[in-house]
1. Which value in nm describes the separation of the simple spin-label points at D:T268 and A:K301, placed 7 Å from the Cα toward the beta carbon?
2. Using alpha carbons only, how many angstrom separate the centre of region B:138-216 from the centre of region A:228-302?
3. Is there a quick way to get the dipole size of region A:98-179? I mean about its Cα centre, with the Cβ of Lys and Arg at +1 and of Asp and Glu at -1; what is the value in debye to the nearest 20?
4. Would you pull out the residues with amide H under 5 Å of B:V159's amide H, same chain only if 5 or more places away, H placed 1.01 Å from N?
5. Work out which helices of chain C, taken as complete DSSP H runs, extend at least 15 Å along their axis over the Cα atoms and score a mean Kyte-Doolittle of -1.0 or more, then list them.
6. Taking the Cβ of B:N280 as the center, what net charge do the other residues with Cβ under 15 Å away carry, scoring Lys and Arg +1 and Asp and Glu -1?
7. In whole Å, largest first, what are the principal axis extents of the Cα atoms in region A:207-352?
8. So who's got an amide H within less than 5 Å of the one on C:Y348, skipping anything under 5 residues away but keeping other chains? H placed 1.01 Å off N, in plane.
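The values are calculated or read from the model by the stated rules, or taken from the named source; none is laboratory data. Model, not experiment: these values are computed from the prediction. Cβ coordinates were reconstructed from backbone atoms using ideal geometry, including for glycine residues, and neighbour counts include every protein chain displayed. Calculation scope for accessible area: heavy atoms of the full protein, side chains included, ligands and nucleic acids excluded. Shrake-Rupley method; radii C 1.70, N 1.55, O 1.52, S 1.80 Å.
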Number of protein chains: 4
Amino acid sequence: MSANTFGRNFRVTTFGESHGKALGVIVDGCPANIEFDLEYIQSQMARRRPGGTEIGTKRNEADRLDVLSGVFEGRTEGTPIAMIIYNSDQKSHDYSTIKDVFRPGHADYTYFMKYGIRDYRGGGRSSGRETAARVAAGALAKLILKGKGIEIDAGIRSVKNIVCKGEFLPPFKAPLFTISEERDEEILSLIEEAKRSKDSLGGIVECHIKGVPAGLGDPVFDKAEALLSHAVMSIGAVKGIEFGLGFDATRIYGSENNDEMTSSGFLTNNAGGILGGITNGEEIVFRAAFKPTPSIAKEQKTVDTEGKERMIEIEGRHDPIVLVRALPVVEAMSAIAILDMYLEDSKYERQR
Amino acid sequence: MSANTFGRNFRVTTFGESHGKALGVIVDGCPANIEFDLEYIQSQMARRRPGGTEIGTKRNEADRLDVLSGVFEGRTEGTPIAMIIYNSDQKSHDYSTIKDVFRPGHADYTYFMKYGIRDYRGGGRSSGRETAARVAAGALAKLILKGKGIEIDAGIRSVKNIVCKGEFLPPFKAPLFTISEERDEEILSLIEEAKRSKDSLGGIVECHIKGVPAGLGDPVFDKAEALLSHAVMSIGAVKGIEFGLGFDATRIYGSENNDEMTSSGFLTNNAGGILGGITNGEEIVFRAAFKPTPSIAKEQKTVDTEGKERMIEIEGRHDPIVLVRALPVVEAMSAIAILDMYLEDSKYERQR
Amino acid sequence: MSANTFGRNFRVTTFGESHGKALGVIVDGCPANIEFDLEYIQSQMARRRPGGTEIGTKRNEADRLDVLSGVFEGRTEGTPIAMIIYNSDQKSHDYSTIKDVFRPGHADYTYFMKYGIRDYRGGGRSSGRETAARVAAGALAKLILKGKGIEIDAGIRSVKNIVCKGEFLPPFKAPLFTISEERDEEILSLIEEAKRSKDSLGGIVECHIKGVPAGLGDPVFDKAEALLSHAVMSIGAVKGIEFGLGFDATRIYGSENNDEMTSSGFLTNNAGGILGGITNGEEIVFRAAFKPTPSIAKEQKTVDTEGKERMIEIEGRHDPIVLVRALPVVEAMSAIAILDMYLEDSKYERQR
Amino acid sequence: MSANTFGRNFRVTTFGESHGKALGVIVDGCPANIEFDLEYIQSQMARRRPGGTEIGTKRNEADRLDVLSGVFEGRTEGTPIAMIIYNSDQKSHDYSTIKDVFRPGHADYTYFMKYGIRDYRGGGRSSGRETAARVAAGALAKLILKGKGIEIDAGIRSVKNIVCKGEFLPPFKAPLFTISEERDEEILSLIEEAKRSKDSLGGIVECHIKGVPAGLGDPVFDKAEALLSHAVMSIGAVKGIEFGLGFDATRIYGSENNDEMTSSGFLTNNAGGILGGITNGEEIVFRAAFKPTPSIAKEQKTVDTEGKERMIEIEGRHDPIVLVRALPVVEAMSAIAILDMYLEDSKYERQR
């Protein structure tokens, strides 16, 4: 139950229920003397906030951060930074009809089995709203990494079976932030159609991390892929992750997959920037599979807390697709993991 | 650099270089009073040991465990269990020709960048040999889980582009341990051909975990998928992981992907046994992508520690495919992760 | 720098500067379904709050807790509990004269050396005010322990050289909460005199923990004494701790110090309830040495941030003695440590 | 139960029972490229080994370290260093008479209550023999610290009521290693007398750490005193610890206790080198209280595992006093804690 902290050095602890008073995050282990650019952090919050995109939920939250500690005269103090987001547009009455019913594809049933108690007002901790706190901490991490020349960008590679081919050249464009815009119209009508049929969609997010020095990540259990997978697979709807060629690497020969080296560097980047769990200085590349949003208005079979069979139609203000708002979350978790590795590695510098 | 421990409760610490005196593992947090079935543990070691299969490396190691502590009169004492495996068939002279050269697809370059020092005798800690220690600890975890009705099995789902269709019905058969044997002959000739052309192969391993009670895993950062991904992605050659439908879930509608419930349970298991990061009582199902073995005898371009361009042909006793010997490793890491979640959950039982 | 979390299971993370917007605490790992008695927690806050005792600082803070998360319909949810205390009576202008000067006996110099930046408005994180957040978390821990029959009480054993002899029979009486009241008048005039001479006093706090079952604490590095010492020695002014006979045990023979057993239990409790690092079912007894408050109005030699010699007289609203307000802090840290051991031990119950 | 690891960065994991096959330690997080001076480490082992001093146990163990991993061509590799000590002179039959009886002052009863199983052959993990593994790891830490100009020395300040006054000027002399030798003869006859009367003695160990830079230790929960207390209080017979003036600081005024500063540094070191939990560049000074050895041949009352009353006379090869052999253990734990803080602090250097 004490799993609300991520990181060994840049330690991020989140709290808050979807329909409680507030959400928030404590960042412990943030280096001192960093210029704290609240505006930048707030700009990342805007990318994720409900009501911030044309295609998302109708819930509208300003997601203004209240910074309670750790910053003094515009700079970080080396002490814990607490950032709070008050919930304003909760409308918890929306949820009263589902109080005793387990929504298919949701954590309702499993939370009930784990705790014997459940905040039925919209998912509690399992709500996507929890990721707002991650984005706040992740934006701070991105800010620090930027100062070290490390940039993180995520874009949409596919929606359902529509794949956006093409090179990864951020920044990507609203409203979809796909890697190539060629199929945006097709995707928008697919989303429109899903909405109409009370259904939902998933897709694949691709993330690139540029400027990472060689040497980050640890051998054995804390390989860079392992830590990044832990970070990204902890995002609600993610059901798979792959690095570099990923699953496609299983379908070619070793001689095709190995990245050969010359005096000017690696000839290819099939490994996705990581060898033996340690970064090799190339771009880190991974893709994350997002399942379709489980909240749909279509009628579904389920049971209630007594085990009785029920039919359910989830009304509410849900996204037919979470991919767009998930992009800053993927970037945030990646940033936290990379900065954590960076600080871990820094410990040993004096010794080198 | 201190990343040689996995687990919060059942804590596994491995040590030992591929060509050093010995490898080993310390298991701290193992419950007391468990019957310590060394024979069972040794049988799992046999599944992974070099020389143990027809299609693997020619290095031959008995991989006999020497249990130094934590077991008294055949039962665990609740104190750390130390298990040592002495290296006997090291042949480190095999490696002297590659002393200053970075093998493509290997950790040679990244270790050198991280530590400024490198055990060139066969990969050191980055060698697949390190997983022997994981299998010892994992076998102990499997033993304990078995006593709780939890069974873990892994099989080969595909080799290169040959996919083994069919239901997952272990135990699988030697020498390939594929999920269905229909295409074994094809696969064996593919391996034979790869060997002849001095090349190597990868593939996909599928793992099922049966009997896991609902309620394991933690919300937010330590979701069951996140912990299992951390565990499995920390295995050397793994470049991707997916749960349940995984990447395929991105290609269908929410209404198709959601697992509906009736009074007799879930109608489908697209989620792979995990909802909101917490186990739902269904079988946990995941697949891991293994890249082709990087050690190949084919000539490749690379550089040496001075940055000079070199050609390399990796002689040695390497597996053209690691999948078969990887199966007990995947099971071991899964067992460690699941037992760790189980113990984490047990903390709170008194309170329920 | 990431040392603002205590506990492995009942994880307490505090944040907030003395003169910032707010202080607070996140409790992660609190069991679900516990009745959350805010009134009780608030009553513990009152014991520590500035302005709450006749003999303390003149700073007046209501120290009202704002519970932001983790509690639903009056019960804990198993999710992180966030409790915030807003600073109201900050008067940070009191501190501007000491902006560039290191106060003797304070953390000013060492923080400056560590971070190169310092919140000069009254100690920042090193202020005694930080302990308010610990008391909130500790009160919750005490509440849970009470439900298990475990009670924690601290009293004043000595002030300067005035020792209060007598049996430990809580509850103790205001305003001093000494273990026996016989010398209260003497102590009160000593405090009065210290105030007049612009000086300060220290003393010894004794703490008893009743009802702890045998078996808590871990062998080797996490012995019960080690964890309790870590917890209590982390309180600002504490410079020593001893268990049972403590330093006096060094002055007698083994045959005098060993606690003999009969069928009705231990004959003595010289060990203070802990043997080999594990609780033996007897009362846990320890004493903590509090140095005199470093903030005094008497003139002292010091240097400024440039290294120039300066004389300093610390004006402000400081306690001449912190012992009374320290009692709930000692109880809080003890409660957190004991509950943490209790949960650690619970993990293994199923297995016994 | 998983408390056999100490440290966040320089992570020390010990294993092994007093009468099992072997003891050992894994050091994870040791910086790479350090010259591994085995002779030095072995010299520290000699200071602690049974049979190594005139006044200790008659058990004779060479305590030769077998280094299994982490060292290559005489230098650390950055990978886990495993050091094993085989038990040779076990004589476990000595212990068979106490198989079912709880020795007073020992962990026998509490281990039995915790685990329901007990290694009755001489204390198992609770034996002083476990500290051999700590000394090995601590010697490595001392070696690394020495390279940074940090020196750690412990001496005997008192035995029973005989206090050795005088300045702390190591190295101290055999056989007693008292801080001043003036009262050595008195102490030696006290020990002789205790042996004759089948009794045992305790005393106070003082430890000084020179050359620690200002800025180590963390605010709040991981203060330098808290971490050192955790480290030292985890040694078997220690029942108290104090820093600088310690308990005596409670008996003077704040104006007497505060260490004033001038441009040439601190005028006094009453704080023992730590202010607000962070080192101030002065010598760290602490004292640890060792209770008299619990193993005595004098007849004592106790009970057996069935709860029946029994008389016990502990035969065996026990030390009448452990202080001399405890000195390297106190230094070892201090070294581990200080190096751990040093590495923790190093993380943030790049950022300063």
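1. 8.1
2. Here the answer is 21 Å between Cα centres.
3. Computed charge dipole of region A:98-179: roughly 60 debye.
4. Those lying under 5 Å, H to H, from B:V159 are B:C164, B:I204.
5. Answer set is C:38-48, C:131-146, C:184-196, C:323-346.
6. Overall, the nearby charge balance is -1.
7. Over region A:207-352, Cα extents along the principal axes are 65, 39, 27 Å.
8. Amide H to amide H, under 5 Å and 5 or more residues apart or across chains, C:Y348 pairs with nothing.
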